[in-house]
Amino acid sequence: MKMAKKALITGITGQDGAYLAEFLLKKGYEVHGIKRRTSLFNTDRIDHLYQDPHVKARQFILHYGDMTDSSSLIRIVQQVQPDEIYNLAAQSHVAVSFEEPEYTADSDALGALRLLEAIRILGLEKKARFYQASTSELYGKVQEIPQRETTPFYPRSPYAVAKLYAYWITVNYREAYGMYACNGILFNHESPVRGETFVTRKITRAMARIKLGLQDCLYLGNMNAKRDWGHARDYVEAQWLVLQQKNPEDFVIATGEQYSVRDFVNAVARELGIVLEWRGKGVKETGIVSQVDGSGKNGPKKGHAIVRVDPRYFRPTEVETLLGDASKARKKLGWKPKIKFRELVAEMVREDLKAAERDELVKRHGYSAYNYHE
Ligand code: NDP
Ligand code: GDR
């Protein structure tokens with residue numbers, strides 16, 4: 001009988017980790033994931049994949065570890081002996097990286113090095129294939145539009161600078177030790193399980209709550225920032241494809257379409273049956289309801305400002321515009337995104353509306369999800 005391939009995923013509790021684990025399990029892989037210790041459960045996104053540790057033939061196995069702890073990484077890689085390693089773990093929030101630059105460098109830059117060294121120390125250079133979650137943030141202050149594999153990097157945050165180190169150490173270990181180690185340079189990708197403080201999810205979640213009268217206003221930062229937004233489900237397939245090639249190479253993964261934060265807000269409003277009119281500029285910019293579907297008993301009323309700018313969300317250095325050219329991935333990996341921007345927005349809105357409906361029901365019956373404050 002052929003043995004199942006083994007994959008080890010760092011960052012398995014994150015958005016991409018959850019989609020990738022599901023994808024690899026469907027392909028018949030034995031999937032191992034590294035989760036870090038937290039004081040509250042952090043496995044919401046993968047609870048549906050959980051298998052009782054008392055069951056013998058498990059396909060999905062979690063290990064405690066941390067990207068800042070070499071000993072845990074070496075122990076886990078030795079125990080698992082993976083065929084493929086996907087390094088997705090990171091302090092992945094750009095704005096937070098300005099507040100926690102040293103920790104971001106430790107987990108995102110040195111974390112990648114620690115994992116590559118674990119492979120080398122254990123003599124697995126020729127067995128384990130390595131995927132590094134690189135990012136369009138490397139392009140930062142863009143030097144070329146659209147951005148492709150050959151576009152020069154110009155990182156604009158402690159996060160991007162840390163990821164620049166991880167990018168190059170991956171290339172260096174490939175060249176120095178003949179490892180199958182690759183970078184996927186992924187542009188923004190979202191989903192209903194996107195972290196709640198990234199702009200897309202912040203918008204879908206808040207606007208669903210505004211629609212149901214649970215919240216009055218959504219505060220945002222730079223409305224003019226433009227991004228190339230895809231769906232995480234499509235992007236984890238690309239991560240896998242990157243490790244299935246004859247030779248290790250780096251790939252840009254993107255949709256080739258660009259929208260601003262304001263466009264995203266408008267698309268979400270449309271899904272919710274709200275039409276917004278924009279007034280003012282810069283910090284004065286305001287999204288005012290000009291039409292609304294439904295009775296609007298508790299939700300937004302015509303004339304109300306439901307989107308405002310709050311400078312606290314501005315970044316010390318901003319990435320204004322990103323647009324990817326994924327022709328190399330299209331040609332060599334046979335990859336292209338299947339889910340369109342409008343479908344992504346619709347799916348995110350649908351799921352956040354369901355969550356808001358649950359919260360509204362709880363509130364209506366006199367309970368609060370946050371009663372520990374009372
Ligand atoms: P998330 O923030 O959703 O997930 C990050 C994961 O890393 C979580 O599982 C988190 O654990 C884990 N993690 C963070 N710090 C550590 C640490 N010190 N040790 C172990 N685990 C840690 O990110 P995404 O899923 O969106 O992104 C996956 C990767 O891809 C990240 O490296 C990100 O930087 C990169 N990337 C993401 C893009 C995107 O648009 N989503 C685009 C390009 C690159 P916990 O759940 O406990 O917080
Ligand atoms: P980004 O994603 O920084 O591109 O990094 P994020 O969604 O945080 O920001 C996108 C753009 O929106 C602007 N913005 C706001 N952002 C947030 N978070 N909150 C706001 O209120 C807000 N208002 C405006 C930002 O200034 C920015 O220009 C994501 C992460 O997943 C990284 O890990 C990944 O590497 C890159 O995408 C590709």
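Since every read-out is calculated from the coordinates, none of them should be taken as a lab result. Worth saying up front: this structure is predicted, and the values here are computed from it rather than measured. With ideal geometry, Cβ positions are generated from the backbone for all residues, glycine too; neighbour counts draw on all protein chains shown.
Where a ≥ b ≥ c are the square roots of the eigenvalues of the C-alpha gyration tensor, would you call the stretch 94-180 rounded, which needs a/c under 1.5, or, failing that, prolate if a/b is larger than b/c, or oblate? Oblate shape, in that a/c is at least 1.5 and b/c is the bigger or equal ratio.
Helix 158-177 and the longest principal axis of the C-alpha atoms of the chain enclose an angle of approximately 20°.
Near residue 31, once Lys and Arg are set to +1 and Asp and Glu to -1 for all other residues with Cβ below 11 Å from its Cβ, the sum equals +2.
By the rule of a C-alpha distance below 16 Å, with chain neighbours fewer than 8 residues away ignored, the aspartates and glutamates paired with residue 281 are 263, 310. To the nearest ten degrees, helix 70-80 and the longest principal axis of the Cα atoms of the chain are 70 degrees apart. Under the criterion of Cα pairs below 8 Å and six or more residues apart, the relative contact order for the chain equals 16 percent.
Here the stretch 221-250 and the stretch 273-294 have alpha carbon centers that stand 32 Å from each other. Between the amide H of residue 309 and those of 220, 285, distances stay under 5 Å, these residues lying 5 or more places away or on another chain, with hydrogens modeled in the peptide plane.
With unit charges on the beta carbon (Lys/Arg positive, Asp/Glu negative), name the residue among 159, 74, 133 whose Cα is farthest towards the positive pole of the charge dipole of the stretch 6-186. Positive-end residue among those listed: 74. Projected label points at residue 364 and residue 57, each 7 Å from Cα along the beta carbon direction, are separated by 4.7 nanometres. Straight-line cross-link partners of residue 141 among the aspartates and glutamates, defined as a Cα under 13 Å from its Cα and at least 8 positions apart when in the same chain: 318, 320. Dividing the helix sum by the residues of the chain, where each DSSP H run of 4 or more adds -39500 (n - 2.57), gives a mean residue ellipticity at 222 nm of -10500 deg cm²/dmol. By the count of other C-beta atoms within 10 Å, a proxy for reagent exposure, 242, 283 are ordered fewest to most as 283, 242.
Dividing the alpha-carbon radius of gyration of the stretch 6-186 by 2.2 N^0.38 Å (N being the number of residues), what value is obtained?
Here the answer is 1.03, to two decimals.
For residue 332, the lysines whose Cα comes closer than 18 Å to its Cα, not counting residues fewer than 8 places off in the same chain, are 246. Neighbour counts of C-beta atoms inside 10 Å place 228, 106, 293 in the sequence 293, 106, 228, starting with the fewest. Protection proxy ranking, highest mean first, for peptides 112-120, 306-314, 130-138, 208-216: 130-138, 112-120, 208-216, 306-314, where packing is the per-residue count of other beta-carbon atoms within 10 Å, averaged.
Pairs over the 31 Å Cα-Cα cut-off, from the set 35/163; 56/163; 163/284: 56/163; 163/284. With K and R counted +1 and D and E -1, the other residues having a Cβ less than 15 Å from that of residue 347 yield a net charge of +4. Dividing the Cα radius of gyration of the chain by its Kirkwood radius returns 0.99 for Rg/Rh.
Shape of the stretch 312-374 from the C-alpha gyration tensor: oblate (a/c of 1.5 or more and a/b not above b/c, with a ≥ b ≥ c the square roots of its eigenvalues). The charge dipole of the chain, taken about its Cα centre with unit charges on the Cβ atoms of Lys, Arg (+1), Asp and Glu (-1) only, comes to about 740 debye. The Cβ shell under 10 Å around residue 60 holds other residues with a net charge of -1, Lys and Arg each +1, Asp and Glu each -1. Rounded to the nearest 10 degrees, what's the angle between the helix 232-242 long axis and the longest principal axis of the chain, both from Cα atoms, 0 to 90? Compared with the principal axis, the helix lies near 20 degrees. Tell me, what is the FRET efficiency for residue 48 and residue 79 to the nearest 0.05, using R0 = 25 angstrom and their Cβ-Cβ distance as r? Taking R0 as 25 Å, the efficiency between residue 48 and residue 79 is 0.50.
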